[in-house]
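Report on the following structure.
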Number of protein chains: 4
Amino acid sequence: MPEDSRIPVGVLGATGSVGQRFIRLLDRHPWFRVTAVTASERSEGRPYGEAVSWAQDEAIPPGVAALPVLPTAVGPDVPIVFSALDSSVAGPVETAFAAAGAMVVTNARNHRMDPDVPLLVPEVNSAHLALLEAQAFPPGGGIIANPNCSTIGLVVPLQALHMAFGVRRVNVVTLQAISGAGIPGVSSMAILDNVVPFISGEEDKLETETRKILGKLAGRAIEEAPIEVSAQCTRVPVLDGHLEMVSLELAGRPSAAEVAEVLAGFRGGRWEFELPSAPKRVIHVLDGPDHPQPRLHRDLEGGMAVSVGRIRECPILGIKMAVLSHNTVRGAAGGAILCAEIAVAEGRIDGVGIPGAGSG
Amino acid sequence: MPEDSRIPVGVLGATGSVGQRFIRLLDRHPWFRVTAVTASERSEGRPYGEAVSWAQDEAIPPGVAALPVLPTAVGPDVPIVFSALDSSVAGPVETAFAAAGAMVVTNARNHRMDPDVPLLVPEVNSAHLALLEAQAFPPGGGIIANPNCSTIGLVVPLQALHMAFGVRRVNVVTLQAISGAGIPGVSSMAILDNVVPFISGEEDKLETETRKILGKLAGRAIEEAPIEVSAQCTRVPVLDGHLEMVSLELAGRPSAAEVAEVLAGFRGGRWEFELPSAPKRVIHVLDGPDHPQPRLHRDLEGGMAVSVGRIRECPILGIKMAVLSHNTVRGAAGGAILCAEIAVAEGRIDGVGIPGAGSG
Amino acid sequence: MPEDSRIPVGVLGATGSVGQRFIRLLDRHPWFRVTAVTASERSEGRPYGEAVSWAQDEAIPPGVAALPVLPTAVGPDVPIVFSALDSSVAGPVETAFAAAGAMVVTNARNHRMDPDVPLLVPEVNSAHLALLEAQAFPPGGGIIANPNCSTIGLVVPLQALHMAFGVRRVNVVTLQAISGAGIPGVSSMAILDNVVPFISGEEDKLETETRKILGKLAGRAIEEAPIEVSAQCTRVPVLDGHLEMVSLELAGRPSAAEVAEVLAGFRGGRWEFELPSAPKRVIHVLDGPDHPQPRLHRDLEGGMAVSVGRIRECPILGIKMAVLSHNTVRGAAGGAILCAEIAVAEGRIDGVGIPGAGSG
Amino acid sequence: MPEDSRIPVGVLGATGSVGQRFIRLLDRHPWFRVTAVTASERSEGRPYGEAVSWAQDEAIPPGVAALPVLPTAVGPDVPIVFSALDSSVAGPVETAFAAAGAMVVTNARNHRMDPDVPLLVPEVNSAHLALLEAQAFPPGGGIIANPNCSTIGLVVPLQALHMAFGVRRVNVVTLQAISGAGIPGVSSMAILDNVVPFISGEEDKLETETRKILGKLAGRAIEEAPIEVSAQCTRVPVLDGHLEMVSLELAGRPSAAEVAEVLAGFRGGRWEFELPSAPKRVIHVLDGPDHPQPRLHRDLEGGMAVSVGRIRECPILGIKMAVLSHNTVRGAAGGAILCAEIAVAEGRIDGVGIPGAGSG
């Protein structure tokens, strides 16, 4: 496949932490190539490679390093834009891009709970993509939201168990990595030799987003899942990888062994598509008595898998387990790219198809 | 009070992490003075100051540094010994000391669940000291056990709420400091940029010890409290201070404000005694939205207080909150010293009284 | 001594990291009491206890918590102000306070290299206080500068060796704590599992300040010491305590043992005064083969001592050693308070004497 | 190339930290395949996958996981063995393997300073391989030593500068990662919020190994380079990557720009061979003002490159700079594999050639 047949994409807010991760993950992408990057005004016009404080552990892709930084406003003629904008500005900007005919796949929280916006985890609720039809944008335009990073790790195993046994109540305590707060984000003075048992807005997101994602598509709306979620969120001195200690009440009252079997066998939704960023197995059930651990398991399947361990019975709610996912890959940029892939593969973006999969 | 009127005490296993903490906390003690230290055979006969790899942030008290290290066997003629022995050896050694007429206050787990051994948190269950009468040791001999470090932080607020509202079910996720594992304990390769969601035996201790501590003295036995506890324990890269994220079902269904009021007003048991190591307020209710934090709050009241914050309602069990305590002070050496103090103050040790409080 | 005989002092920039440390260290001060605190405009008028994000490990002193935050401008009628201002604003503000008749003891870098400003480390160059006479301020007014935190730890042992053997060349690699950068300061994403081998402006300060501090008072000016300094500064994931790996060329070519003896015997300058914040021994020579260490030794003598260890011969420059000092106590607030103490004790502040040391 | 044409190799001490790294790096190796693994007696006979506490961030290669663990004694019929043995046992075991006809490439220190053992960094001193001829082992047998991890990072840029300008004196302060001490290695209680300014034996290794590696082959012996080295070694809380702050006296007195140019242009020795593990550029000269940093740059070129930054003039020795290398890849397992590759490529191992490069 010659390079120029790939779909041109833009990254909004490309110099921040999640923006950088988008650039890195898209570098080797078989379907997409980055042709436009935007940032705040003070970077405008400078080459991306100079404007960014690059903090990834691989070098900036040369092609992107040379791109001039654009202002974050409608203009770039690309069919897909990934938004890594801060929520203080993301809302109206993303709407403007969609109104101009672009499919916006966003990591910001602003549109997540909009009734006509799919809050998408492809393995969990790809059917929700149908909501795009309810959006009042011109052909090709639309908004797809990537959920909060701690929500994504949770809903993947929850969906497996919800389909098999019915999830009623979920108690979750998170131990979240500092990269979730961006750069500069958490001050080192706040977190070294310390834990902070609070993350603004996070507990609410876990409770409300989970119900929407696991909800049913009913016509052109989502009927929320009747699941009670109680979250306590903490920040720990870990670079990447959110660990969640979960207790569950399941209608079917399965044993721990039955839960493990269902999780290990989970295959997500419609996997006729070989999506480039999809993990081979979305849930890895680990046997090690002290697994999963952020440093050892966050990079499984390129950071796109979710690990589950310590599955056992709980005297209060029935089942407890530890869940781990990579918050800036699976939980942010990687997850959003997978959302774009499924939208392309399912033909949800007007005029855009899988490169090289010609109509011939 | 002339120095030599203080009660001579011994420290068993004095060179380890908890042993060092005993030495440091006893240095300025108004009632006790350390006259004997024991360690493993290879240290025998050397001055303590040479035998120990001292890792406290103050210098070794000179009087103790000069003491010759004794073998860990009956011999020192002291009425009270503090045991910081490893559980692999603690059981029979402690029994032997008690049989020889010493009151053993131990931090090891071996005798904790013995039916006739008080598992003591003075502010919570000082009445359990009456169990000493059931022990078959000669006058002056006995065993008092200090609970597990993560249990102590939990049972203090639980007791306050149990008395006020009745505790039925407790879900707890702990974020425990590395000092809880001793020295060398946790390898730095295991915990830097990481969390380990498992601590051997810890979850079981939280579940069983809690029921004994909150139980009722019935004759010469403890009737366990009918409380369901479910624990998930993790190790985090923090030096000192165990944080516990707790959800509670209380029979009385109080509001968060009522819970906060009860905790703030808790005064423990019989505080006619001005015990030297007792905190002025055993529970500090903190208002900061992101409090308590290990580094900021572990040293409150010299490390002997328990901090509680983020008290709020929980859609599943009713109430949730964050609890913090210093694991090697309140949860180990400091707690054990307080146990000895109350035993002395209540006249539970044959022939031993408060120094300077003479009958004259 | 009744409380109100103490000298009223102000703290400029009281809500920042160093400002907080001033408040904490001054809380129990026998000579000074804080009666005025200033901060940026958005805090103006609020009680200090509400305006500050307090991050010290002890509670805010109640008396200070209730003080209203003032704007950082001339006004408070106090004879001494401690400046914890950021260097972006400190220069003219400090001059204005001095011009209004206050003695300004500053931790900011702005006036450090002014020819008529003493760059003061009381144990090292108290004679430089005579420069105050060269300052063109009204009676009682003046500026005394506290050196950079990494410089202070270095010049204390350097002065001991300079007096004994003559220092010619100094090569120093620093491993500096994150608290040196203030709050928020260093992002946790930048320093966790990492070292940053650069601190803006720091190497230059070490090289130039050292020559001034060790210089000779010649009339109303300082003649810089002819010492060559080469510095390489790094930031490490440590909360407090700057470690410096030093190599030295000494004119006298002493042995390592002779160096150790001189350092251990160093008594500083004119110690007829019992200054409240002065360490009993300003240099602690440690024998442990792996000492000094930031966590174990930064708090020696309340953080006011400097520790030196691993003194040995160097095949290149002659002597090498490791030096440690507490950067926010000895190297910032504590050092500045000691500067004020010696200025008071030596009668350098017009109309201000040691409280309770009356003329009677 | 069919898999079985690869050269079978063994790993001695395969369950430890460096042993695991060998297994991981050899997994995808085009020339070598692991057919034998040894460990201590208590693992004997168990499958490697069960005997090891695997702590790498990728899964154990399935082929190796199934291998039975052998005792560490002569027996496996492989032409090359990699030794990750502890120095307490490595010496005689390695000699025995060489005497039995195997080429031993070792990471242990025991034989490093033996006069007839090449202390090899392929880009620096491949000519030293000729020493193998001086070894009294049967055909195919021999010992090649990999230098100490902190030495390797240093000698690569030193050799570039030695060839261009002549190195006379080197002052180096290291900031070394915890993985250098193996597993469990450094206790987390020793290093969290701390730096330890001492590593046993390390400074001596840097001083003596450097002179041997940069020495000249003279007949069948090495004439040490007349370079004075002074080292101060510290351990910092970083997982991987040794940072070294270096000052240099060069005979040629070059400018910083000239030094940078020579380093950037360095190509090592005889690069007619395309060795599988060789970095494309062995030295990366970085421009960032705060580069290199362990977390950002340790993985350059798969961890096999050395990064140099902050090259500038030094008022004392002439040039200073910061050097970084990955201590368990470049500095241990990866470096040793590269040593084996060059030995194979240069035909130094009797009867062993590059797989698939047949004579036909």
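The values are calculated or read from the model by the stated rules, or taken from the named source; none is laboratory data. Just so you know, these numbers come straight off a predicted model, no measurement behind them. FYI the Cβ positions are ideal-geometry reconstructions off the backbone, even for glycines, and counts take in every protein chain you see. These accessible areas exclude ligands, DNA and RNA; they are computed on the full protein's heavy atoms, side chains included. Shrake-Rupley method; radii C 1.70, N 1.55, O 1.52, S 1.80 Å.
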FRET efficiency, 1/(1 + (r/R0)^6) with R0 51 Å, evaluated for A:D287 and C:S87 via beta carbons: 0.35
Just to be sure I understand: of the beta bridges DSSP finds with both ends in chain B, what percent are antiparallel, rounded to 5? 45 percent
Any idea what the relative contact order of chain B is, in percent, if you count C-alpha pairs under 8 Å spaced at least 6 apart? 17 percent
Cα gyration tensor category, rounded, prolate or oblate, for the range C:189-314 with a/c compared to 1.5: rounded
Report for the protein assembly as shown the percent antiparallel among DSSP-assigned beta bridges with both residues inside it, nearest 5. 45 percent
A drop of at least 50 square angstrom in accessible area, chain alone versus all protein chains together, probe 1.4 Å. Which residues of the range B:182-230 meet that? B:S188, B:M189, B:L192, B:D193, B:N194, B:V195, B:P197, B:F198, B:S230
Quickly work out the C:D4-to-B:A73 label distance, labels modelled 7 Å from Cα along the C-beta direction, and quote it in nm with one decimal. 7.0 nm
In degrees from 0 to 90, rounded to the nearest 10, what is the angle of the helix A:17-26 Cα long axis to the longest principal axis of chain A? 80 degrees
Difference of contour (0.36 nm per residue) and Cα-Cα distance, D:D204 to D:E313: 36.6 nm
Gaussian network model of chain A, springs between alpha carbon atoms under 10 Å - residue of A:V195, A:V124, A:V81 with greatest fluctuation: A:V195
So, for the range D:160-256, what is the accessible surface per residue at a probe of 1.4 Å, expressed in square angstrom? 30 Å²
Hey, can you grab everything whose amide H is under 5 Å from the amide H of D:S83? Only 5+ residues off in sequence or another chain; H modelled, so Pro and N-termini drop out. D:L12, D:V105, D:T106, D:N107
Check each residue of the range B:301-322 and keep those whose accessible area, probe 1.4 Å, is at least 50 Å² smaller with all protein chains in place than in the chain alone; give them in order of residue number. B:R310, B:P315, B:I316, B:K320
Might you tell me the accessible area per residue for the range B:271-349, computed with a 1.4 Å probe and given in Å²? 28 Å²
Rounded to the nearest 0.05, what FRET efficiency do B:S255 and A:M113 have when you use their Cβ-Cβ distance and R0 = 35 Å? 0.80
Run the quick spin-label model on D:A134 and A:K280: label points 7 Å from Cα toward the beta carbon, then report their separation in nm to one decimal. 5.0 nm
For the range D:1-80, just say rounded, prolate or oblate: build the C-alpha gyration tensor, square-root its eigenvalues into a ≥ b ≥ c, call rounded for a/c under 1.5, and beyond that prolate if a/b exceeds b/c, oblate if not. oblate
Provide the per-residue ³J(HN,Hα) series for the range B:220-228, in order, calculated from phi with Karplus coefficients 6.51, -1.76, 1.60 and θ = phi - 60°, each as a whole number of Hz, with x at glycine and proline positions. 9, 9, 9, 9, 4, 6, x, 10, 8
Relative contact order in percent for the range A:225-360 (Cα pairs under 8 Å, 6+ apart) equals 28 percent
Cut-off 10 angstrom, C-alpha nodes, Gaussian network model of chain B. Which of B:P197, B:P61, B:P315 fluctuates the most? B:P315
Please list B:W54, D:W31 from largest to smallest accessible area, probe radius 1.4 Å, with all protein chains kept in place. B:W54, D:W31
Determine the distance separating the Cα centre of the range C:134-172 from the Cα centre of the range D:92-118; give it in Å without decimals. 54 Å
Scalar couplings 3J(HN,Hα) for the range D:206-213 by Karplus 6.51 cos²θ - 1.76 cosθ + 1.60 (θ = phi - 60°), nearest whole Hz, x for Gly and Pro, are 4, 6, 8, 5, 4, 5, 5, 4
Over the range B:62-103, give the accessible area per residue in Å² for a 1.4 Å probe, as an integer. 41 Å²
Under a 10 Å cutoff between Cα atoms, tell me which one of B:G331, B:G268, B:G63 has the largest fluctuation in the Gaussian network model of chain B. B:G63
Cα-based Rg / Dmax (Å) for the protein assembly as shown: 33.4, 109
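Could you work out the per residue convex hull volume over the alpha carbons of the range B:115-262, in cubic angstrom?
126 Å³
Using a 1.4 angstrom probe on heavy atoms only, work out the carbon and sulfur share of the accessible area of the range D:28-94 in %.
The value for the range D:28-94 is 52 percent carbon and sulfur by accessible area.
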Pairs to check: A:K205/B:K320; C:K320/D:K320; B:K205/B:K280. Give those whose C-alpha atoms are more than 25 Å from each other in this structure. B:K205/B:K280
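Okay, helix-only estimate at 222 nm for chain B: each DSSP H run of n ≥ 4 adds -39500 (n - 2.57), divide by all residues, round to 500 deg cm²/dmol; what do you get?
On the way: 11 runs with 94 residues, N = 360.
Only helices count here, giving -7000 deg cm²/dmol.
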Computed E for A:E346/A:R46 - FRET, C-beta separation, R0 51 angstrom, nearest 0.05: 0.85
Would you mind telling me the share, in percent, of accessible area of the range A:259-327 contributed by carbon and sulfur at probe 1.4 angstrom? 47 percent
Just want to confirm a number: the relative contact order over the range D:170-236, from Cα pairs under 8 angstrom separated by 6+ residues, in percent. 54 percent
For chain C, the longest principal axis of the Cα atoms and the Cα long axis of helix C:87-99 enclose an angle in degrees, to the nearest 10, of 60 degrees
Could you run the numbers on buried accessible area between D and C, total for both chains, 1.4 angstrom probe, in Å² to the nearest 100? 3700 Å²
Whether chain D is rounded, prolate or oblate, judged on the alpha carbon gyration tensor where a/c under 1.5 counts as rounded: prolate
